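Okay, so here's the structure we're looking at.
The values are calculated or read from the model by the stated rules, or taken from the named source; none is laboratory data. Values in this document were obtained by computation on a predicted structure and should not be read as measured data. Cβ coordinates were reconstructed from backbone atoms using ideal geometry, including for glycine residues, and neighbour counts include every protein chain displayed.
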Amino acid sequence: MAALLLALLAAGCTAPPGREGATGEFVTAQKAEARRLERGGDLAAALTLWRSLLPLGRGDTETREAIDALEKTIANRVRDNLARGERAYAGGNNRQGDLYMLRVLALEPGQDEAIALLRKSTAARASAQQKTKSDLENRRVQQTEPPAPVNLGKQLAALESRGDYGGMVALVQNVDPSELPAVGSALRRAHIALADRAQAAGKDAEALAHMQAAMAAQAVADDPLVNRSTALRGELSTHWYREGSRLLNNDLDAAIAALEKSLQYNPYNDKARRKLAQAETLQRNLSRIEKGS
């Protein structure tokens with residue numbers, strides 16, 4: 001039953017004999033819900049509901065006119081909020097600017113300009129916070145970093161000479177945190193070696209975790225691991241997007257989980273975001289039909 005209903009929603013098949021009445025009732029309910037959402041101001045959700053009727057072969061004049069009107073309304077509001085947000089940013093009111101950008105994303109999830117402005121605002125805020133923190137630290141009495149304990153340094157060198165990078169990581173897990181800065185270089189090398197091994201074995205998620213640990217162990221200028229980890233995140237996001245797309249017609253729950261994972265690796269993967277919205281709409285529609293059958 002669930003598989004048949006899912007195929008109806010995903011592929012736009014014509015309802016089998018005996019179900020035309022139920023499908024018609026469902027379409028009527030969808031339209032009513034879309035109008036309710038629109039009256040409540042949730043234009044993006046309303047547009048998604050109207051569009052969900054198209055795969056059912058219900059692209060009648062009312063549906064297409066509703067979609068066209070909503071798209072124009074959303075486009076106008078997006079332009080207005082973008083303009084207001086840019087003026088707020090220009091006036092130094094980043095919080096107000098962020099609010100307008102969030103309104104844009106509520107109207108049009110994944111809107112490139114809003115995302116870019118939010119990222120710029122977040123970076124500026126983080127920079128200001130870091131400067132404040134640095135200023136406070138500079139007021140304190142400067143202390144020289146203690147040298148690495150001889151025994152720990154020798155143990156790490158011995159493990160590294162044997163290629164026991166996992167042993168190096170395990171060794172420093174139980175040391176005093178104050179000793180970590182002095183062994184950061186060795187720990188970074190160990191995590192990079194483990195990342196190389198994991199990536200060669202096709203364990204990209206594990207490789208990414210080691211790259212992030214390497215960067216945390218010791219920060220370096222123009223760190224090549226930044227681009228490398230970004231590329232790996234993109235590959236993992238693409239992998240889970242494809243997996244979610246493959247599962248869409250067979251297992252909605254698994255498809256949604258895979259697409260959510262894709263966005264965890266790359267929140268700006270617009271294909272995954274749109275596919276996830278489609279899967280969630282299908283899931284809601286399926287649930288409504290099953291409850292009514």
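Structure above, values below:
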{"item": "Pairs with Cβ under 7 Å, 6+ apart, first in the stretch 187-202 and free of Cβ contacts under 8 Å to residues at least 40 places away in the same chain and assigned to a helix (DSSP H, G or I), second hydroxyl-bearing (S, T, Y) and surrounded by 18 or more Cβ atoms within 10 Å (Cβ to Cβ)", "result": "A190/Y165; A193/Y165; L194/Y165"}
{"item": "All positions within the stretch 229-240 that are out of contact with any Phe, Trp or Tyr (no Cβ under 8 Å at 6 or more places or on another chain) and surrounded by 18 or more Cβ atoms within 10 Å (Cβ to Cβ)", "result": "S229, L232"}
{"item": "Only listed residue being aliphatic (A, V, I, L, M), without any contact (Cβ under 8 Å) to a residue 12 or more places away in the chain, surrounded by fewer than 19 Cβ atoms within 10 Å (Cβ to Cβ) and part of a helix (DSSP H, G or I), chosen from A216, A221", "result": "A216"}
{"item": "Enumeration of residues in the stretch 30-57 that are aliphatic (A, V, I, L, M) and either assigned to a helix (DSSP H, G or I) or over 24 Å from L276 (Cβ atoms) (or both)", "result": "A32, A34, L37, L43, A44, A45, A46, L47, L49, L54, L56"}
{"item": "Members of the stretch 85-101 found to be loosely packed, with under 13 Cβ neighbours inside 10 Å and modelled with pLDDT of 85 or more, listed by number", "result": "A90, G91, G92"}
{"item": "Selected residue (criterion: modelled with the lowest pLDDT) from residues of the stretch 14-28 that are in contact with a helix residue (DSSP H, G or I) (Cβ under 8 Å, 6 or more places away or on another chain) and surrounded by 14 or more Cβ atoms within 10 Å (Cβ to Cβ)", "result": "A15"}
{"item": "Test: residue in the stretch 170-183 that is closer than 23 Å to L152 by Cα, modelled with pLDDT of 85 or more and surrounded by 14 or more Cβ atoms within 10 Å (Cβ to Cβ)", "result": "no"}
{"item": "Subset tally (residues that are hydroxyl-bearing (S, T, Y) and closer than 29 Å to K31 by Cα) for the stretch 236-293", "result": "4"}
{"item": "Test: N285 is touching a helix residue (DSSP H, G or I) at 6+ places or on another chain (Cβ under 6 Å), in contact (Cβ under 8 Å) with a residue 60 or more places away in the chain and not in a helix (DSSP H, G or I)", "result": "no"}
{"item": "Residue that is modelled with the highest pLDDT [pool: residues in the stretch 58-84 that are outside any helix (DSSP H, G or I) and surrounded by 14 or more Cβ atoms within 10 Å (Cβ to Cβ)]", "result": "G59"}
